[in-house]
Amino acid sequence: MEKVAMNGDQVIALAWKQIDPDVVAAYPITPQTIIVEAFSEYVADGLVNTEYVCAESEHSAMSMCIGASASGARTATATASAGLAFMWEMLYIASGMRLPIVMAVANRALSGPINIHCDHSDAMGARDSGWIQIFGENVQEAYDNSIMAFRIAEHMDLRLPTMTCLDGFIVTHSLERFEPLPDEVVKKFVGPFKYKRSLLDVKNPTTFGPFDWTDFYFEHKYQQVDAMRHVIPVMEQVQDDFAKVSGRRYNIIEPYRLDDADYAVVAMGSTAGTLKDIVDELRAEGKKVGSIKLRLFRPFPAQELAKILQGLKGVAILDRAVSIGASGPLFPEVRSALYDAKDRPKLKNYIYGLGGRDIKPEELKHVYKQLIYNEGELVNFLGVRA
């Protein structure tokens, strides 16, 4: 198909339209609102068969999604920031019940003070809730991730809810050219929802969400852990299959100009795209630098990342969130992944862009400079006023 111009929220609604899920229950919240507004128009125009519910809150929206998914419906929702936080209790229930709900998260800062702009604090706060978390760099990736997420979540080796994360306003509201797939290609790629079940099947009665005493709770948590161990091979297979129908190849970790690099910077989301331009500029100056885009945060691809990073002289980890009293949440994951590496690089953490503050090219160049000359602290705050 020809390329068209849409923003990140609109392309997610388009992907859902092409997939035509059975149920979408959501509450509008900036900067996610356009997703559910656009999709509700598809419903009103009769272009999908989806049962769409505009819930009274995000807690209610996720509760509805849990009931729908448990009863055998392909289910999706979207949220951001305080909306994701309002779902907190239900996130754990969705994952604990192994329900393959797909949720778009338009990453936005958490209060207080109130802020409607981008950082990753919402998704990072939910990182231990048992959801797969995939981060997109741009509008095209937001669209493609939305399609692949259903195949990943619904895979019978996983049956895990999945977040597709995109940077609020930076991607959600930016108008970019992207290439959609034909409706029939998306339909065939995602396929029918294979595992139908009903809470009302009296011939095959099933209990969902029971009280789990000390005799089985631990085992059920372990089953979730075990399912997460299968995510990476499943996601790699889905990405391979997607490349065949789209011509667009994705990887869980995407290195850029790293073959002969001495120094690298790791980032998630839209900043990974900016980093590529900075790398090109520094390469033109003779600096042996590269970058790494991390697309998958949960489960964390520790072994795969360690193989890529070991042997480098220095690595900076960019965090668009802060764990107050510690560091950025991505930094300890990378540091732990490299613990057993024989030739591990020196690491530095840079917390940046909280509350939507712009990350400037000069600041990213400064990160590389500090890596090369071994300057700065272990944990640094990039662009903050002292």
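The numbers here are math on the coordinates, done by the rules we state, and not lab data. Remember, predicted model here, so these are calculated numbers, not experimental data. FYI the Cβ positions are ideal-geometry reconstructions off the backbone, even for glycines, and counts take in every protein chain you see.
Say the cut-off is 26 Å between C-alpha atoms; which of 187/276; 3/293; 188/276; 188/293 go over it?
Too far apart for the 26 Å limit: 187/276; 188/276; 188/293.
Whole-Hz Karplus ³J(HN,Hα) for the range 175-182, in order, using 6.51 cos²θ - 1.76 cosθ + 1.60 and θ = phi - 60°, x for Gly and Pro?
Result, rounded to whole Hz: 7, 9, 6, 9, 10, x, 8, x.
At a temperature of 25 °C and a viscosity of 0.890 mPa s, determine how fast the range 1-51 diffuses translationally according to Stokes-Einstein, using the Kirkwood radius over alpha-carbon pairs as Rh; express D in µm²/s, rounded to the nearest whole number.
217
To test your reading of the geometry: what angle, between 0 and 90 degrees and rounded to tens, separates the Cα axis of helix 231-246 from the longest principal axis of the chain?
90
Taking amide H positions as placed in the peptide plane 1.01 Å from N, state which residues far from residue 135 in sequence (5 or more) or on other chains have amide H under 5 Å from it.
Correct list: 165, 296, 297.
Out of the GluC sites (Glu not before Pro) in the range 267-326, which ones are loop residues according to DSSP with at most 12 other C-beta atoms within 10 Å?
On the way: sites: 281, 285, 304; in loops: 285.
Answer by residue number: 285.
Which ordering of 357, 248, 295 is given by a fewest-first count of other beta-carbon atoms within 10 Å?
Ascending Cβ contact count within 10 Å gives the list 248, 357, 295.
Given points 7 Å out from each Cα along the Cα-Cβ axis, report the residue 156 to residue 49 separation in nanometres with one decimal.
Here the modelled spin labels are 2.3 nm apart.
Which order do 102, 36 fall in if you start with the one that has the fewest other Cβ atoms within 10 Å?
Values: 102 32, 36 28.
Neighbour counts put them in this order, fewest first: 36, 102.
Using a/c under 1.5 as the rounded threshold, could you call the range 253-382 rounded, prolate or oblate? The axes a ≥ b ≥ c are square roots of the C-alpha gyration tensor eigenvalues, and prolate needs a/b larger than b/c, oblate otherwise.
Judged from the Cα gyration tensor, the range 253-382 comes out rounded (a/c under 1.5).
As I understand it, the value is the acute angle between the Cα axis of helix 8-19 and the longest principal axis of the Cα atoms of the chain; what does it come to in degrees, rounded to 10?
Approximately 40 degrees, to the nearest ten.
Could you tell me which GluC sites (Glu not before Pro) in the range 1-108 are loop residues by DSSP with no more than 16 other beta carbons within 10 angstrom of their beta carbon?
Numbers: sites: 2, 37, 41, 51, 56, 58, 89; in loops: 2, 56.
Sites meeting the loop and neighbour criteria: 2, 56.
For the chain, set up a Gaussian network in which alpha carbons nearer than 10 Å are linked by springs, and say which option among 49, 349, 138 fluctuates the most.
Largest GNM mean-square fluctuation: 49.
Please list 3J(HN,Hα) in residue order for the range 85-98, calculated via the Karplus relation 6.51 cos²θ - 1.76 cosθ + 1.60 where θ = phi - 60°; whole Hz, with x for glycine and proline.
Those phi angles translate into 5, 5, 7, 2, 4, 6, 4, 5, 5, 4, 6, x, 8, 6 Hz.
Mind listing the Cα extents of the chain along all three principal axes, in Å, largest one first?
So the extents along the principal axes, rounded to whole Å, are 68, 54, 44.
Nearest 10 degrees is fine. How inclined is helix 139-154 to the longest principal axis of the chain, computing both from alpha carbons?
With rounding to tens, the tilt is 50 degrees.
Between 225, 139, 266, which gets the highest mean-square fluctuation from a Gaussian network model of the chain, Cα cutoff 10 Å?
Looking only at 225, 139, 266, the biggest GNM fluctuation is shown by 225.
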